[in-house]
Amino acid sequence: MSRMTATAAAPAFTRPDGSALRVLVVDDEQMLTDLLSMALRMEGWDVKTAGSGFDALQSARDFEPDAMVLDIMMPDLDGMAVLQRLRHSGNDVPVLFLTAKDAVADRVAGLTAGGDDYVTKPFSLEEVVARLRGLMRRAGTALTRDSEPILRVGDLSLNEDSHEVVRAGREIELTATEFELLRFLMRNQRRVVSKAQILDRVWNYDFGGRSSVVELYISYLRKKIDAGQEPLIHTVRGVGYMIKAPQ
């Protein structure tokens, strides 16, 4: 199992009454639900898990979640059927489908069935967290104490909603993976993060320890973020990487 570590605090998300947001995670793979639960609890959320479709329906009634991570392929009642029953009963909880299926037709089927978003396995834990934050913000079930979903390090800014990245007034185009890596670094500014931590949070949970991919993407980011300017991304030899504003 991958090692999980806490990140620096993101903008605090709560229910309108200030209580913790509730997320129901449904998957028949216990290792997966354990990993997701750990990541979501690090956000300060209240998490409950279910290992089958029928358990998911019961938990949705009892737990009244603000969002649900729902696997499609389950042995008793699949995710599509679970969602249909929820919607038929009047439950409009935002649903993030999580599945190994990656065909366009499967994505369309999941969204047209009433799902709100779709992530395929293998996945980035950071991406799942970000997508849930977006779902709950759009649904109006979550409030943030910060007025803007923007991370800043020196003259670099990253908008978690629009995915816009700007340094010194210049907009920077990043791939999805580069964006997730930069977001992780910025959430942990002035803190050294190891290659193992980056693999856990930016790539999928069973990436296999191929740390060379981290070095490659750090080099990509440096070319786009630091080229011709005072560097923000630093290597701490033998430990990992850190982003910090110039002194």
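Select the strands (runs of 3 or more DSSP E) contained entirely in region 151-190, then report the ones holding at least 1 residues which are surrounded by fewer than 13 Cβ atoms within 10 Å (Cβ to Cβ). Please lay out each step first, then the result.
Numbers: elements: 156-159, 165-167, 170-172.
Qualifying strands (runs of 3 or more DSSP E): 170-172.
Out of the residues in region 9-29 that are part of a strand (DSSP E or B) and in contact with a Pro (Cβ under 8 Å, 6 or more places away or on another chain), which is surrounded by the most Cβ atoms within 10 Å (Cβ to Cβ)?
Ranking the qualifying residues of region 9-29, first place goes to VAL23.
Is it fair to say ARG137 is at pLDDT 80 or above, assigned by TED's automatic domain parsing to the domain that holds LEU40 and surrounded by 14 or more Cβ atoms within 10 Å (Cβ to Cβ)? Considered against the rule, which asks whether it is at pLDDT 80 or above, assigned by TED's automatic domain parsing to the domain that holds LEU40 and surrounded by 14 or more Cβ atoms within 10 Å (Cβ to Cβ), ARG137 comes out as no.
Quick one: in region 30-75, which of the residues that are part of a loop (DSSP other than H, G, I, E, B) and at pLDDT 90 or above is surrounded by the fewest Cβ atoms within 10 Å (Cβ to Cβ)? Top of the filtered list is GLU64.
Could you check, for region 203-218, whether at least one of its residues is over 30 Å from MET31 (Cβ atoms), assigned to a helix (DSSP H, G or I) and modelled with pLDDT of 85 or more?
For region 203-218, residues over 30 Å from MET31 (Cβ atoms), assigned to a helix (DSSP H, G or I) and modelled with pLDDT of 85 or more: absent.
The values are calculated or read from the model by the stated rules, or taken from the named source; none is laboratory data. For clarity, every value in this text was computed on a predicted model and none was experimentally measured. Ideal geometry is used to build each Cβ from the backbone, glycine not excepted, and the neighbour counts take in all protein chains shown.
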